[in-house]
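Just below is one structure, and these are the notes that go with it.
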């Protein structure tokens, strides 16, 4: 098991990929900066809160933000879309089944309650198995994992999965909100996530567990919600 005791980490792998995990104080969200070290372009995954801090970190690391990716359409993962897009001109990407949430009055209201704004319309609608190219050297594969929401998705790159609110460290996402399904979520975890290599690092959407990250193997053996 790979244990990460810090609330942030900076990782380089053999594919010139750099991952920065940022723990956001509101709702203990995780935002991820995923960068191509060669081109110095990056994606931000779920930059919902503390957008000034997120942008400052990208500047510090000398990255140009080209993509904003939402793992699903809930306000606590999308409330920062407008601020990030206005500052960077980055493309906004979300699964097509959750895209309609972004323009709803309820979404805008909750986003403002959380300190953000209603999200602009997405530029790219994603589907299962789509590839998102970051720079020339980093790509993410979309894994559609419905259950938390109809359009929930995970993002996979060799050795890493960004699991949003589908799989947490020691828990899973809630399914009691509109569009949720416990049966779908369990199927998504068992058939789409747990079939990945056991050494794959799980990067969750919230810091709800004893550690800020885990592995597929660890979750398969210890997560009480999926055994």
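Can you spot a residue in the stretch 156-168 that is modelled with pLDDT under 95 and under 21 Å from residue 35 (Cα atoms)? For the stretch 156-168, residues modelled with pLDDT under 95 and under 21 Å from residue 35 (Cα atoms): present. Just one of the numbered conditions (1) closer than 22 Å to residue 156 by Cα; (2) modelled with pLDDT of 95 or more; (3) over 15 Å from the mean Cα position of the chain (by Cα) is not true of residue 46: (3).
Residue-wise test of (1) at pLDDT 95 or above; (2) closer than 24 Å to residue 125 by Cα; (3) under 17 Å from the mean Cα position of the chain (by Cα).
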site: 19; (1), (2), (3): yes, yes, yes
site: 73; (1), (2), (3): yes, yes, yes
site: 87; (1), (2), (3): yes, yes, no
site: 110; (1), (2), (3): no, yes, no
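Residues that are at positive phi and crowded, with 22+ Cβ neighbours inside 10 Å number at least 3 in none of the strands (runs of 3 or more DSSP E) confined to the stretch 150-227.
Scoring residue 93 on the criteria (1) outside any loop (DSSP other than H, G, I, E, B); (2) in contact with a strand residue (DSSP E or B) (Cβ under 9 Å, 6 or more places away or on another chain); (3) modelled with pLDDT under 95 leaves a single failure, condition (3). When 68, 132 are checked against the criterion of being assigned to a strand (DSSP E or B), more than 15 Å from residue 49 (Cα to Cα) and modelled with pLDDT of 95 or more, a single residue qualifies: 132.
The values are calculated or read from the model by the stated rules, or taken from the named source; none is laboratory data. Fair warning: this is a prediction, and the values are worked out from it, not measured in the lab. Note that we place each Cβ from the backbone using ideal geometry, even for glycine, and neighbour counts take in every protein chain shown.
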